[in-house]
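The values are calculated or read from the model by the stated rules, or taken from the named source; none is laboratory data. Here the structure is a predicted model, which means the values were calculated and not measured. For neighbour counting, all protein chains shown are included, and Cβ atoms are generated from backbone atoms with ideal geometry for every residue, glycine included. For accessibility, only protein heavy atoms count, side chains too; no ligands or nucleic acids. Shrake-Rupley method; radii C 1.70, N 1.55, O 1.52, S 1.80 Å.
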Amino acid sequence: LTARAPVALYVHFPFCLSVCPYCDFVVVAGRATRGPGNRIAAFVDALEQEIVLRAPLAPTPLASVYFGGGTPSLMSPAQVEQLLTAAERAFGISNGAEITLEANPGPADRGDLAGFRAAGVNRLSIGAQSMVGAELKSLGRRHTPADVGDCVSAARRGGFANISLDLLYDVPGQTTDSWRHSLADALALAPDHLSAYALTLDADHADADVLPISRGAARWRERVRVEQDEDRTAEMYVVADELLGSAGFEWYEISNWARRGFESRHNLAYWTSVAWAAVGPGAHAFDGVLTRRWNAARLDGYLAALTAGRLPPGGVEHLDPATAQAERIVLCLRTAAGVPAGDIPVDALGWGRSYGLVEAVEGHVRLTIKGRLLSNELFARLLPRQMAVA
Ligand code: SF4
């Protein structure tokens, strides 16, 4: 099986003004981000170099470029343009491609939104997380609910016609009522897309593609984890689905809802297992067939390699065809489109049906709302034992 040319490019920008205690992304803060010795400009040059080195031999123009982080809105528009120019040269970017940039809502890190738009970004994903001030504080966020509104207004003024908000539920101090309040206030800002994620608090991990968490973050997680409640989390998910549905948003992936036509094309690339490229520390790529590869998380190693003109350190994994097929089914099942009925092993399908987790729609099998809540139970039956979703 031959690797396919990537149709999406993920660009990881790891800098934030400070590190939130629940964050598992590859992120650095402090002097690396702020002050005269900050490393952002050197990093953007390294990213540009990696894009050049990852150029496919026979590229297909990208349908999507996604600047994720970290806080990519800490870049200047000129830096975003520098990277898009490199991507255009190395991969090609199709006309009308979706170009997303994640932004934090606070005035200190939302960046020059009109400048990003002028640089070619056409979709903004704003990390709102909550519309309740006390919850934002308890999450260690720097912004206020009013900042989220200001950020959306600035983005609309700057020319963005496609805005997504991210919200978190099952956060410390949250109740089902305060979650309703967050959803209602977020909807009042008229976004085009909304992602709602349950707060997941992993213990520390020792993989090369993630960074260790601080002791303070570990203590924070221990304290918050005991307050979390599975039943309340499920109730919050159902509330989100109802409120978003009645506001005209369609559910299209377990954690994502959009007004029709505003589904994230970049994320759909992941869920439909097409090939995507990825650059930046900790970034993961997939060749669309059997091979995954990733960069190591450490910024120093990343910068040292690329400054010397070499690809950064990282790892590679070749999947066997049965595992690749199982993963493809699981990813696709996350979406409202589901998978062709014949793709799911009969025993798993029967089990899912007997518990009301899946339903058949026009020859496809897709998750019911109960299935969305208990998807990991079903996925564990589809994946080889050692790969079952945590
Ligand atoms: S702002 Fe986002 S990426 Fe940065 S530390 Fe907080 S959660 Fe992580």
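Conditions: (1) more than 16 Å from the ligand (Cβ to nearest atom); (2) acidic (Asp, Glu); (3) open to solvent by 40 Å² or more (accessible area, probe 1.4 Å). Residue 50 meets all but one. Number of the miss?
Unmet for residue 50, out of (1) more than 16 Å from the ligand (Cβ to nearest atom); (2) acidic (Asp, Glu); (3) open to solvent by 40 Å² or more (accessible area, probe 1.4 Å): (3).
State all residues of region 1-36 that are within 20 Å of the chain's Cα centre (by Cα) and surrounded by fewer than 22 Cβ atoms within 10 Å (Cβ to Cβ); if no residue qualifies, say none.
Scanning region 1-36 gives 17, 18, 19, 20, 21, 22, 23, 24, 25, 28, 29.
Which of the residues spanning region 207-244 are more than 21 Å from the chain's Cα centre (by Cα) and outside any helix (DSSP H, G or I)?
Answer for region 207-244, where residues must be more than 21 Å from the chain's Cα centre (by Cα) and outside any helix (DSSP H, G or I): 214, 226, 227, 228, 229.
Among the residues in region 208-219, are any at pLDDT 95 or above and open to solvent by 40 Å² or more (accessible area, probe 1.4 Å)? Lay out the reasoning, then the answer.
As a first pass, look at region 208-219 and keep what is at pLDDT 95 or above: none.
Looking through region 208-219, none of the residues is at pLDDT 95 or above and open to solvent by 40 Å² or more (accessible area, probe 1.4 Å).
Just to check your reading of the model, which residue among 369, 329 is of a type in the set (Val, Ile, Thr), under 25 Å from the mean Cα position of the chain (by Cα) and open to solvent by 50 Å² or more (accessible area, probe 1.4 Å)? Even if it seems obvious, please write down each step before you answer.
Values: 329 fails: open to solvent by 50 Å² or more (accessible area, probe 1.4 Å).
From the options 369, 329, the qualifying one is 369.
Would you mention how many residues in region 37-55 are basic (Lys, Arg) and either more than 17 Å from residue 80 (Cα to Cα) or under 21 Å from the mean Cα position of the chain (by Cα) (or both)?
1
Enumerate the pairs (first residue in region 13-25 and more than 16 Å from residue 168 (Cβ to Cβ); second residue anywhere and more than 6 Å from the ligand (Cβ to nearest atom) and among the acidic types (Asp, Glu)) with beta-carbon separation below 7 Å, excluding pairs fewer than 6 apart on the same chain, so at least 6 apart or on different chains.
Short answer, once both residue conditions are applied: 17/109.
For region 109-127, which positions are away from the ligand (no atom under 16 Å from the Cβ) and not in a strand (DSSP E or B)?
Taking region 109-127 and keeping what is away from the ligand (no atom under 16 Å from the Cβ), we get 112-123.
Within region 109-127, 112, 113, 114, 115, 116, 117, 118, 119, 120, 121, 122 meet the criteria.
Being part of a strand (DSSP E or B) and of a type in the set (Ser, Thr, Tyr) is true for just one of 100, 200. Which residue is that?
Sole residue among the options that is part of a strand (DSSP E or B) and of a type in the set (Ser, Thr, Tyr): 100.
What residue, of 53, 62, is touching a strand residue (DSSP E or B) at 6+ places or on another chain (Cβ under 8 Å) and over 24 Å from residue 153 (Cα atoms)? Give the steps one after another, and end with the answer.
Working: 53 fails: touching a strand residue (DSSP E or B) at 6+ places or on another chain (Cβ under 8 Å).
Answer to the selection: 62.
How many of the residues making up region 192-204 are open to solvent by less than 70 Å² (accessible area, probe 1.4 Å) and in contact (Cβ under 8 Å) with a residue 60 or more places away in the chain?
Total satisfying the criteria: 7.
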